[in-house]
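Accompanying notes for the structure given below.
The values are calculated or read from the model by the stated rules, or taken from the named source; none is laboratory data. Keep in mind it's a predicted model, so treat the numbers as computed, not measured. A quick note on method: Cβ atoms are made from the backbone with ideal geometry, for glycine too, and the neighbour counts reach across all protein chains shown.
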Amino acid sequence: QPAPPAIPLNMENVKVKIKEGSIYESNEAYPSDWISYNIGAGIENGKHVIFLSIHAFPCRYIPAKNELLCVDKMKIKVNYEPPKKPLMQNDVYDLLIIAPSEFSDALQPLVEHKENYNISTKIVTIDEIYGGTYFVVKGRDDAEKIKYFIKNAIEQWGIKYVLLVGNSEKFPIREAYAYDGEEAYFISDLYYADIYNKDG
């Protein structure tokens, strides 16, 4: 019997209707391979990392024959090639503050405070990003332009921390999906933190 769909913990169980169809007449084994993998990128413990997810299936099912194929052992070998150059080329600033220009003066005391603790800090306004003051502008919309700017700042300035200033009326947003039974989408800054994919 097929497994039921995943549901949030705060929702009641949903009765699953089992559907028969052509999938149960297939002579192809499911899953199609004994082993598959996915490569992704993200942040772990404050560092940019590559994630390798390996999916090993010791048993595979052929529906038309009602046959189960199983193996006793699997051998997985992973080859890793280190990057040819370091991610960060320079170490100019530690903290990047991105804010609307109207907040620049109000943020100066924060910059001075960080500098007093040897945290080299740079304020960049949203208008400077859109205008290409520091880096060539890339991106299909304002949010992506800021994301590409952060990527450039990481690689060319050695940025370790980013502070985004402004609410949704002042700062471009992206919404994340995490349905909890009440809301499906919510504003999140994860879009700006997740800079890289598996290819860089």
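Below are the figures for this structure:
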| read-out | value |
| --- | --- |
| Set Leu87, Leu96: member being modelled with pLDDT under 75, surrounded by 11 or more Cβ atoms within 10 Å (Cβ to Cβ) and touching a strand residue (DSSP E or B) at 6+ places or on another chain (Cβ under 7 Å) | Leu87 |
| The lone exception for Asp194 - which of (1) closer than 20 Å to Asn90 by Cα; (2) out of contact with any Phe, Trp or Tyr (no Cβ under 9 Å at 6 or more places or on another chain); (3) not hydroxyl-bearing (Ser, Thr, Tyr) it fails | (1) |
| Strands (runs of 3 or more DSSP E) enclosed by the range 44-126 - at least 2 residues per element that are in contact with a Leu (Cβ under 6 Å, 6 or more places away or on another chain) | 59-62, 95-99, 121-125 |
| Subset of the range 144-200 (residues that are farther than 29 Å from Ser53 by Cα, surrounded by fewer than 16 Cβ atoms within 10 Å (Cβ to Cβ) and not small (Gly, Ala, Ser)) | Gln156, Leu163, Asn167, Glu169, Lys170, Glu182, Glu183 |
| Count - residues of the range 131-179 that are in a helix (DSSP H, G or I) and closer than 18 Å to Ser120 by Cβ | 8 |
| Where Lys73 falls short, out of the listed (1) within 30 Å of Tyr161 (Cβ to Cβ); (2) loosely packed, with under 10 Cβ neighbours inside 10 Å | (1) |
| In the range 111-155, the residues that are in contact (Cβ under 8 Å) with a residue 40 or more places away in the chain and not aliphatic (A, V, I, L, M) | Lys147, Phe149, Lys151, Glu155 |
| Odd one out for Val49, checked against (1) touching a Pro at 6+ places or on another chain (Cβ under 6 Å); (2) under 28 Å from Asp199 (Cα atoms) | (1) |
